[in-house]
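For reference, the structure is listed below as structure tokens.
The numbers here are math on the coordinates, done by the rules we state, and not lab data. Predicted model, so just to flag it, every value in this text is computed and none were measured. All Cβ positions, glycine included, derive from the backbone under ideal geometry; neighbour counts span all protein chains shown.
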Amino acid sequence: MTEEQQKRRADHAVSAIESIEKIQAILATIREAQTHMSFAMPANEKILEIDSIELAKEGGILVYYKNCEHTRKGFAHNPSVTAVDNVKKVLMGLLHGFSGFRGKMYLVIFYLLFSKRIATSFQSLLDQLHFMVLFHRLKPQWYCRSAREVYRAIDHVQIRDLIVLILEFDDSYRFRFQDAVGELDKTAFSRNPIKEIDRLLSLLQTREKDERLKGNWKMARKILFFGFFFKKIRVPIITAFSKLRPEEIRMDDADRYFASLKQDGYAWGGLTLNKKT
């Protein structure tokens, strides 16, 4: 199949998806029950009507909306969103389990006594999580720009796929990732990697308005500090961050516009919505 034929086939597929999603959006609006739907109405967000979807030449998927000057990166197809959300729930449950002092102490003891068993159990969990999203992976060129940059930086295939899919199909996490990691200071990172990564997590914690989410970022900082004692965790993290290019991750005007529509209380760039307007 020639490149032109592939492009026409892709355009045809996009047109078909547009029609299906518009129908599903109407059904989601008029139906009393929202189960068994392949489309989910966004919560706490201004509803925009899709005009068209484009596979951009430079990579990524762009969604155009009627009466909107900005294009949205990524296409949040609900089955993929649901699969990724299920992975996040498992990860959050796991992190919460070891976030307390006792959890960390138990993990240290278990690691010292049963390191091989822990490694086997972790790999088994990773295999299951990866299988949950296996069929939702995109070809690398169709991820949004920031997700493509993360895809390039992480070597471990399963961990890479999980992180990239979360960024692609959950723009709340993606916008926060862009907001914080876009401020990565490579000079400071080269001097003290853990201090710089902790600084980025502290930005997320302080800019979050929801106390529950503040607690999640605080928990992530503790686990990061703990994890850096182990070479198998420390080295891949430092390697990935050393490869990241902040200029490929930072939010642009379109990202900031769609982030502001969420009205979730996060202070994008350290500014409140009131200060921005």
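Given H placed on each backbone N at 1.01 Å, which residues far from Tyr143 in sequence or on other chains put an amide H within less than 5 Å of it?
Distant-sequence amide H within range of Tyr143: Gly60.
If you split all Cα-Cα distances of region 79-276 into 5 Å bins from zero, what percentages do you get per bin, shortest first?
Final binned percentages: 1, 7, 14, 19, 21, 19, 12, 5, 2, 1, 0.
State, to one decimal in nm, how far the label point of Ser260 lies from the label point of Ser121, with both points 7 Å from Cα in the Cβ direction.
About 4.8 nm, to one decimal.
Provide the gained length on full extension for the span Lys209 to Ser172, in nm with one decimal, where the gain is 0.36 nm per separating residue minus the Cα-Cα distance.
Stretched out fully, the Lys209 to Ser172 stretch lengthens by 11.9 nm.
Which semi-axis lengths, in whole Å and largest first, follow from the square roots of five times the eigenvalues of the Cα gyration tensor of region 163-209?
Over the Cα atoms of region 163-209, the ellipsoid semi-axes are 21, 13, 8 Å.
Quick one: Cα centre-to-centre distance for region 176-255 and region 129-157, in angstrom?
19
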